[in-house]
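Q: Following this message is one structure expressed as structure tokens.
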Amino acid sequence: MPNSPLIARAVLRDIRHTPQKARRVVDLVRGMRADEALSVLKFAPQSAGSDVFTLLNSAVANAKQQNPAIRDASELWVVEALVDEGRTMKRFRPRAQGRGFRILKRSSHISVAVSDSKVASKTMNKKGATK
């Protein structure tokens, strides 16, 4: 397996951004080169952008740790970027006539995988194997 591509992951759990809003940010960088993705995230106006920026930096650092021959983020690709729903905190807000209105404070689990090969994701390999 010396030709197998390097895959490095980083996971951020229970971050206080709704999954819907975090997916907007993650969709921007999926499939990009890591250095381009970092520059896009650095100037993204969404609040989740800074957290995904830090997470992608962590994934790049993990890749450098696994393979010291990797010099910088320009050699890596964002092959997988997922946002899953985390736990939801339930809060109550007082409403008219003594009623309570439930507020759902959602959180997300964000995971990013970078690789030195552009087509290295598990799902991409499955599609390639069926051809």
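Throughout, read-outs are computed from the coordinates displayed, never taken from laboratory work. Since the model is a prediction, treat every value here as computed from it, not as a measurement. Backbone-built Cβ (ideal geometry, glycine too); neighbour counts: all protein chains shown.
Q: For the chain, what is one quarter of the convex hull surface built on the Cα atoms, given in nm²?
A: Result: a mean projected hull area of 10.4 nm².
Q: Something else now. Using Cα-Cα distances under 8 Å and only pairs 6 or more residues apart, what relative contact order does the chain have, in percent?
A: 37
Q: Please list 3J(HN,Hα) in residue order for the range 83-88, calculated via the Karplus relation 6.51 cos²θ - 1.76 cosθ + 1.60 where θ = phi - 60°; whole Hz, with x for glycine and proline.
A: My calculation for the range 83-88 gives 10, 10, 7, x, 6, 10 Hz in order.
Q: Packing-wise, with mean Cβ within 10 Å as the measure, how do 107-119, 26-38, 81-93, 42-54 rank, highest first?
A: The densest-packed peptide leads the list: 107-119, 26-38, 42-54, 81-93.
Q: Does anything in the range 71-93 have its amide N under 18 Å from the 7 Å Cα→Cβ label point of LYS21, and if so which residues?
A: What the label zone holds, given the 18 Å backbone N cut-off, is 83-92.
Q: Could you give each residue of the range 45-61 its phi-based ³J(HN,Hα) in whole Hz, using Karplus coefficients 6.51, -1.76, 1.60 with θ = phi - 60°, and x for Gly or Pro?
A: x, 6, 5, 6, x, 5, 5, 5, 4, 5, 5, 5, 4, 5, 5, 5, 5
Q: With r defined as the distance between the Cβ atoms of ARG93 and ASP14 and R0 fixed at 22 Å, what FRET efficiency is calculated, to the nearest 0.05?
A: Once the sixth-power term is evaluated, E becomes 0.45.
Q: Additional query: When the label point is put 7 Å from the Cα of ILE103 along its Cα-to-beta-carbon vector, which residues of the range 9-35 have a backbone N closer than 19 Å?
A: 15-21
Q: Along the Cα-to-C-beta direction of VAL119, a point sits 7 Å from the Cα; which residues of the range 32-76 have their amide N less than 20 Å from that point?
A: The answer is 32-34, 75-76.
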